[in-house]
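As structure tokens, the structure follows; a few thoughts come after it.
The values are calculated or read from the model by the stated rules, or taken from the named source; none is laboratory data. Just so it is clear, the model here is predicted, and its values are computed rather than measured. Cβ: placed from backbone, ideal geometry, glycine included. Neighbour counts: every protein chain shown.
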Protein chains: 2
Amino acid sequence: MEKALILAQRAFDADEVPVGAIVVNSQGKIIGRGRNKVEERHTQIAHAECNAIAQAGKKVGDWRLEGCWIYVTLEPCSLCMHLILMSRLKGVVFGASSPLFGFRLGLQEPLSLDKKGNLMVIPNISAPRAATLLKTFFKHKRKA
Amino acid sequence: MEKALILAQRAFDADEVPVGAIVVNSQGKIIGRGRNKVEERHTQIAHAECNAIAQAGKKVGDWRLEGCWIYVTLEPCSLCMHLILMSRLKGVVFGASSPLFGFRLGLQEPLSLDKKGNLMVIPNISAPRAATLLKTFFKHKRKA
């Protein structure tokens with residue numbers, strides 16, 4: 001998550017909503033890195049998770065990322081969550097909750113694993129740091 | 001839809017699940033074209049709709065595609081449907097139904113517009129041609 005936070009900081013520096021993500025394989029090796037590039041690339045499929053997963057797929061030469069985990073600084077949105085499921089990752093670790101856009105839509109109860117197949121979801125890791133970065137970003141934006 | 005079917009045929013020729021999509025702006029001008037490239041690019045974010053929407057965003061220099069419509073030969077999956085919603089398109093016209101992976105998950109009742117905000121959804125346009133292409137593709141795959 002430390003490395004995902006560094007990528008989120010880079011998004012912040014590039015004036016993008018500060019979200020970073022990394023994909024690690026079953027040996028714990030990083031095979032994909034991504035930061036939010038929605039404004040730079042003019043498309044919503046440039047979320048941090050999309051970029052990290054696309055890079056991982058390219059690296060391993062397969063869209064199937066079985067056994068891999070994604071670490072992302074913000075709760076994934078529904079788009080990214082579907083991408084994670086379709087890419088067959090093993091699990092998701094995320095930082096700050098996203099009550100407005102997160103796939104849980106602000107629900108606080110633990111995610112039912114049945115609902116998401118065998119995907120494991122671990123929320124709120126390093127959440128304060130990820131959240132502070134986001135809050136600082138939006139405070140600057142509102143002032144601008 | 002005719003142009004989307006041509007793109008689907010190109011996906012077929014490239015040994016990809018044959019799906020094609022185009023994005024048109026409010027003047028009816030094509031601003032994005034995409035065909036399925038999941039195998040070529042090794043990622044599930046290379047669905048036809050993703051590629052067409054990414055190209056449209058690049059073309060207009062904005063991820064917000066308000067007033068635009070997407071024409072796609074197959075019912076979008078949930079990933080693509082969320083992308084369509086987040087990219088603020090006005091509507092979706094699709095061809096064949098996708099009972100296994102479509103965002104309606106095989107439900108046949110008309111989509112509630114309330115559930116999808118103001119997005120308009122028009123199903124089953126040129127469906128037989130789109131479906132025939134898909135069926136032929138999977139028949140070949142099973143034989144191989």
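Within the range B:5-24, can you find the residues that are without any contact (Cβ under 8 Å) to a residue 24 or more places away in the chain and in contact with a helix residue (DSSP H, G or I) (Cβ under 8 Å, 6 or more places away or on another chain)?
Within the range B:5-24, the subset without any contact (Cβ under 8 Å) to a residue 24 or more places away in the chain is B:6, B:13.
Residues satisfying the conditions do not exist here.
Restricting to the range A:11-50, name every residue that is in contact with a strand residue (DSSP E or B) (Cβ under 6 Å, 6 or more places away or on another chain), surrounded by fewer than 17 Cβ atoms within 10 Å (Cβ to Cβ) and under 24 Å from residue B:83 (Cβ atoms). It would help to see each step written out before you state the result.
Of the residues in the range A:11-50, the ones in contact with a strand residue (DSSP E or B) (Cβ under 6 Å, 6 or more places away or on another chain) are A:11, A:19-25, A:30-35, A:48-49.
Okay, now just the ones that are also surrounded by fewer than 17 Cβ atoms within 10 Å (Cβ to Cβ), so A:30.
Correct list: empty.
Quick grid of which residues meet (1) out of contact with any helix residue (DSSP H, G or I) (no Cβ under 9 Å at 6 or more places or on another chain); (2) in contact (Cβ under 8 Å) with a residue 24 or more places away in the chain; (3) more than 27 Å from residue B:61 (Cβ to Cβ); (4) of a type in the set (D, E, K, R):
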residue	(1), (2), (3), (4)
A:37	no, yes, no, yes
A:47	no, yes, no, no
A:61	yes, no, yes, no
A:76	no, yes, no, no
A:80	no, yes, no, no
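More than 17 Å from residue A:121 (Cβ to Cβ) and touching a residue at least 12 places away in the same chain (Cβ under 8 Å), is that true of residue A:41?
Against the criterion (more than 17 Å from residue A:121 (Cβ to Cβ) and touching a residue at least 12 places away in the same chain (Cβ under 8 Å)), residue A:41 does not qualify.
Looking only at the range A:1-10, count how many residues are surrounded by 16 or more Cβ atoms within 10 Å (Cβ to Cβ) and either assigned to a loop (DSSP other than H, G, I, E, B) or of a type in the set (Val, Ile, Thr) (or both).
Looking only at that region, the number is 1.
Residue-by-condition table, conditions (1) of a type in the set (Val, Ile, Thr); (2) part of a helix (DSSP H, G or I); (3) under 12 Å from the mean Cα position of the chain (by Cα):
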residue	(1), (2), (3)
B:49	no, yes, yes
B:52	no, yes, yes
B:56	no, yes, no
B:66	no, no, no
B:72	yes, no, yes
B:79	no, yes, yes
B:83	no, yes, yes
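Anything in the range B:37-77 that is touching a Cys at 6+ places or on another chain (Cβ under 6 Å) and more than 8 Å from chain A (Cβ to nearest Cβ)? List them, or say none.
B:47, B:49
Here is a check on your reading of the model: is residue B:78 in contact with a Gly (Cβ under 9 Å, 6 or more places away or on another chain) and at pLDDT below 90?
Considered against the rule, which asks whether it is in contact with a Gly (Cβ under 9 Å, 6 or more places away or on another chain) and at pLDDT below 90, residue B:78 comes out as yes.
Is one or more of the residues making up the range A:25-33 more than 16 Å from residue A:76 (Cα to Cα) and either touching a residue at least 40 places away in the same chain (Cβ under 8 Å) or under 10 Å from the mean Cα position of the chain (by Cα) (or both)?
Yes: the range A:25-33 contains one or more residues that are more than 16 Å from residue A:76 (Cα to Cα) and either touching a residue at least 40 places away in the same chain (Cβ under 8 Å) or under 10 Å from the mean Cα position of the chain (by Cα) (or both).
Of all the residues that make up the range B:87-103, how many are in contact with a strand residue (DSSP E or B) (Cβ under 9 Å, 6 or more places away or on another chain), surrounded by fewer than 21 Cβ atoms within 10 Å (Cβ to Cβ), free of Cβ contacts under 8 Å to residues at least 40 places away in the same chain and not polar (S, T, N, Q)?
3
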